[in-house]
Amino acid sequence: MKIRRRTIARVLVAVFVFNLVVMGAGAYLAYEQAPPIPERVEGPDGETVATGADISAGKAVFQQDGMMNHGSILGNGAYFGEDYTADALDLKTEYMKAYYARERYGAEYESLPSEERAAVDSLVESDLDQRYGGGPIEYSAAEAYAHERVRETYVERYHEGAAERGVPAGMISSEEEARDFADFALWTAWAAHTERPGSTHTYTNDWPYAPDAGNEPTGAAMTWSVVAMILLVGAAGLGIWLYRSVDLPEPETEHIDVPRPGDIDLVPSQMAALSFVPVAALLFCGQVLLGGLLAHYYVERDAFFGLGELLGVNVIQWLPFAIAKTWHIDLGVLWIATLWLGAGLFLPALLTGYEPDNQGRYVYGLLGALVVVAVGGLAGIWLGAQGYIDGALWWVLGNEGLEYLEVGKLWQAGLLAGFLAWAVLVARGFRPLLKREATYGLAHMILYAGGSIALLFVAGFLYTPKTNIVVTEFWRWWVVHMWVEGAFEFFIVAIVGITLVSMNLLKRKSAEKAVMFEALLVMSTGVIGVSHHYWWVGLPDLWVPIGSAFSTLELLPLVFILFEALNEYRSLVGQGEAFPYTLPFMFIIASGAWNFVGAGVLGFFINLPLVNYYEHGTYLTVGHAHAAMFGAFGFLAIGMATYMLRISTRDWSGRRLRWAFWLWNAGLALMVFVSVLPVGFLQLETAFTASYDAARSLAFYQRDTVQLLFWARMPGDTMLIAGTLLFAYDVLDKLRSRREVTAPEDVRLPGPARSLQSDD
């Protein structure tokens, strides 16, 4: 069937408005139905155990000291340490058992016969199975006792330090702050075992799995897992039917005038945009080296092959896991974004032959500003987490401490300003095309994609350290997930479409139709699909059915992207080596394939509610994240960098980049399928047979089998590091043979730009 571009554009606008309405209503419910922070927590005699101010202060400690990149809260964060919610609930249950065993039987719980242990277990579960009707939280004597013991445990671990856990001394700078952090963790545990008013389950839908505390998966988790599997079959079939039915063009590489790199004149702004590539390569090197360090920390938590002791350097004191993890994540986002920004600034002249006044100077200025923001943000993370930035400025200049949004608000504002400046520069470059095409044209789509990235980033400014963690998580996932499943996917299809036009493989209006149709599928599923992150964090349970449906339907655009990659591969094979852009296409094809594997296959599996209930925050998520983030977005970014280098380099050789390509693919496959996923499956089994806390415990990570699987990461990680270092060397080598820049007034109109003159 044929679909007109104008029709797709109208439906796309309607879907965008629908998404805003649904997620706007979700924001209202997040504020209205988040677990309340009481004015105080009181013991059986009315004594104050903790206050709401203590809980709020504990959340600030959690962020300021980077605790989210050591462990996790409500399942979200790093997996090196415990999940603080599950850990606090498990410790609370354990100490309550000890209290009742001594009070009732005058003995330790472990020494009691099975009948008496069962009686104690019943008392503990009865205490924890409570409802909240407002006012202060009322503790039993056992809960008050347990609360104080958990505080003492957290002071010992996170203030005094625990090398066996990879926790440096003074990670939390004072005993008082460590107790506040315990109050915060215990409040999330309270939300996990307290029934939401008007329901038969807790605020967190009975997560985490803790049978001793009475937490087991709800019926909705089972029901909607079955519904999701039915939807999966339907979505896959619908995706294939749509792909076969909708009249979308395919790229052709035969019998067309593909512009040779040497025939394309380069303008100053393109050479300026090329400078983004070595900066990204440097950031990429830093990221993979830190990734190797993080993998090793799981094996040797308090040292690094003995080098620290040999050199007299306390490794975990100066570069603890939390900071290394923070930098690893942020560098990954930065190098990918840097290449995408560079590509967005490089492409306009290929389609227009137009160079605005001083465009090159402005592009260099943008790159310089982004470098300042990146260095400032990374330095602020270390200074803030190490206690050098205190007072009211710690979350503005230092470490805001939320995964993927760690940098202080000042640096986040700088990144937002950079996105907006980039959009202005891209609009300047596309000016001739913007003037003559419709509002749903290809150049407009690039701006919409980039603008949506900036728009979603604004959600990160809608909370402060004093905001309820549940509301904070609602907005944080707007940035993190909607970037990945919405804006980034939109950007992928837009940037690939415009690249095919620049290669003269597609006509502009054909690319517009394909981009809009795939963007429609992405926006229809990916935005509301964020709600699968809301199941266990204390948000209303209506997100379980909504998240199950939309996260399953996210498979639709991935089916399209996979088919596109396969068709591009067939076109590439048919053309042979005569096609000058074989190497960039290889990366684009790999991006589509890994996107389907990482985001599609692995993403669907862990997003089944019943699986996610046990899996949430385990190594299965690590496998999904690495395959999707690097495999999909990283390979696309490198593909665009390769395309820029192919056009800009005088003496071209793709030999080293081909080696890097296969090292990355093989290394990623080894890391994910030989090490990471097997650890995740063992965690899933442990969570299912014991408890979620047991699956995240130090005892689990120290199992011989798990340690062996951690060592099994080394070959894959080594290949990833080798590929990245080879890529960085090749980039620097190619930049030494850059082609000459042509003055704007002497630029010959490139083939694609000439074809646009008649492609209405």
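Would you tally the residues in segment 55-72 being surrounded by fewer than 24 Cβ atoms within 10 Å (Cβ to Cβ) and either under 16 Å from ASP693 (Cβ atoms) or charged (D, E, K, R) (or both)?
Qualifying residue count for the region: 0.
Could you grab me the full set of residues in segment 194-220 that are crowded, with 23+ Cβ neighbours inside 10 Å and not in a loop (DSSP other than H, G, I, E, B)?
Hits for segment 194-220 are THR202, ALA210, ALA213, ASN215.
Only one of (1) modelled with pLDDT of 90 or more; (2) open to solvent by 10 Å² or more (accessible area, probe 1.4 Å) fails for GLU615. Which number is that?
The number of the failed condition is (2).
Out of all the residues in segment 174-192, is one or more more than 30 Å from GLU518 (Cα to Cα), of a type outside the set (Asp, Glu), outside any helix (DSSP H, G or I) and in contact with a strand residue (DSSP E or B) (Cβ under 9 Å, 6 or more places away or on another chain)?
No, segment 174-192 contains no residue that is more than 30 Å from GLU518 (Cα to Cα), of a type outside the set (Asp, Glu), outside any helix (DSSP H, G or I) and in contact with a strand residue (DSSP E or B) (Cβ under 9 Å, 6 or more places away or on another chain).
Scan segment 689-712 for residues that are of a type in the set (Phe, Trp, Tyr) and closer than 18 Å to ASP90 by Cα and report the count.
Result for segment 689-712: 3.
Out of the residues in segment 145-164 meeting the condition of being buried (at least 20 other Cβ atoms within 10 Å of the Cβ) and in contact (Cβ under 8 Å) with a residue 60 or more places away in the chain, tell me which one is farthest from the chain's Cα centre (by Cα).
HIS147
Any residue in segment 437-457 that is open to solvent by 10 Å² or more (accessible area, probe 1.4 Å) sitting within a Cβ distance under 8 Å of a residue that is part of a loop (DSSP other than H, G, I, E, B) and not polar (S, T, N, Q)? List the pairs, counting only those 6 or more apart or interchain.
HIS444/GLU437; HIS444/ALA438; LEU447/PHE430
Going by what's in this entry, would THR718 be described as of a type in the set (S, T, N, Q), touching a residue at least 12 places away in the same chain (Cβ under 8 Å) and over 30 Å from ASP206 (Cβ atoms)?
yes
Among the residues of segment 126-143, write down those that are surrounded by fewer than 19 Cβ atoms within 10 Å (Cβ to Cβ) and more than 36 Å from the chain's Cα centre (by Cα).
Selection gives SER126, GLY133, GLY135, PRO136, GLU138, ALA141.
Here is a yes/no grid of residues against (1) aromatic (Phe, Trp, Tyr); (2) within 17 Å of ASN76 (Cα to Cα); (3) without any contact (Cβ under 8 Å) to a residue 60 or more places away in the chain:
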| position | (1), (2), (3) |
| --- | --- |
| GLY592 | no, no, yes |
| ALA599 | no, no, no |
| ASN607 | no, yes, no |
| HIS616 | no, yes, no |
| ALA628 | no, no, no |
| PHE633 | yes, no, no |
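So which of VAL299, VAL277 ends up being open to solvent by less than 10 Å² (accessible area, probe 1.4 Å) and either farther than 30 Å from GLU355 by Cα or under 26 Å from the mean Cα position of the chain (by Cα) (or both)?
Just a single option satisfies the conditions, and that option is VAL277.
Table: residues versus (1) at pLDDT 95 or above; (2) outside any helix (DSSP H, G or I).
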{"residue": "GLY81", "(1), (2)": "no, yes"}
{"residue": "ASP87", "(1), (2)": "yes, no"}
{"residue": "GLU94", "(1), (2)": "yes, no"}
{"residue": "ALA107", "(1), (2)": "no, yes"}
{"residue": "GLU115", "(1), (2)": "no, no"}
{"residue": "SER122", "(1), (2)": "no, no"}
{"residue": "ASP127", "(1), (2)": "no, no"}
{"residue": "TYR145", "(1), (2)": "yes, no"}
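Just to verify a result, which residue in segment 630-661, among those that are basic (Lys, Arg) and at pLDDT 90 or above, is least open to solvent (accessible area, probe 1.4 Å)?
Per the stated criteria, the residue is ARG646.
Collect the residues in segment 112-161 that are more than 30 Å from MET67 (Cα to Cα) and out of contact with any helix residue (DSSP H, G or I) (no Cβ under 8 Å at 6 or more places or on another chain), keeping them in residue-number order.
Hits for segment 112-161 are PRO113, SER114, GLU115, ALA118, SER122, SER126, GLY133.
Out of curiosity, is ALA14 in contact with a Pro (Cβ under 7 Å, 6 or more places away or on another chain), part of a helix (DSSP H, G or I) and open to solvent by 10 Å² or more (accessible area, probe 1.4 Å)?
So ALA14 fails the test.
Restricting to segment 173-188, give me the number of residues that are within 26 Å of the chain's Cα centre (by Cα) and over 18 Å from LEU128 (Cα atoms).
Residues in segment 173-188 being within 26 Å of the chain's Cα centre (by Cα) and over 18 Å from LEU128 (Cα atoms): 1 in total.
Under 30 Å from ASN314 (Cβ atoms) and not in a strand (DSSP E or B), is that true of ARG151?
yes
State the number of residues belonging to segment 98-120 that are of a type in the set (D, E, K, R) and open to solvent by less than 20 Å² (accessible area, probe 1.4 Å).
Total meeting the criteria: 0.
For segment 45-54, how many residues meet the condition of being surrounded by fewer than 19 Cβ atoms within 10 Å (Cβ to Cβ), under 13 Å from LEU186 (Cα atoms) and either of a type in the set (Val, Ile, Thr) or touching a His at 6+ places or on another chain (Cβ under 7 Å) (or both)?
Going through segment 45-54 one residue at a time, the tally reaches 1.
Considering only helices (runs of 4 or more DSSP H) fully contained in segment 321-414, which possess at least 2 residues that are surrounded by fewer than 24 Cβ atoms within 10 Å (Cβ to Cβ), acidic (Asp, Glu) and touching a Ser or Thr at 6+ places or on another chain (Cβ under 9 Å)?
none
Residues of segment 262-274 being part of a helix (DSSP H, G or I) and open to solvent by 10 Å² or more (accessible area, probe 1.4 Å), which ones?
Filtering segment 262-274 for residues part of a helix (DSSP H, G or I) gives 262-263, 268-274.
Hits for segment 262-274 are GLY262, ASP263, PRO268, MET271.
Residues checked against (1) more than 29 Å from ASP651 (Cα to Cα); (2) open to solvent by 10 Å² or more (accessible area, probe 1.4 Å); (3) at pLDDT 80 or above; (4) among the hydroxyl-bearing types (Ser, Thr, Tyr):
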position	(1), (2), (3), (4)
ILE498	no, no, no, no
LEU506	no, yes, no, no
PHE517	yes, yes, no, no
TYR534	yes, no, yes, yes
GLY538	yes, no, yes, no
GLU554	yes, yes, no, no
GLU564	yes, yes, no, no
VAL573	no, yes, no, no
PHE585	no, no, yes, no
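The values are calculated or read from the model by the stated rules, or taken from the named source; none is laboratory data. Quantities reported herein were computed from a predicted structural model and do not represent experimental measurements. Neighbour counts are summed over all protein chains in view; Cβ atoms, including those assigned to glycine, are modelled from backbone coordinates with ideal geometry. The accessibility values were calculated without ligands, DNA or RNA, using every heavy atom of the protein model including side chains. Shrake-Rupley method; radii C 1.70, N 1.55, O 1.52, S 1.80 Å.
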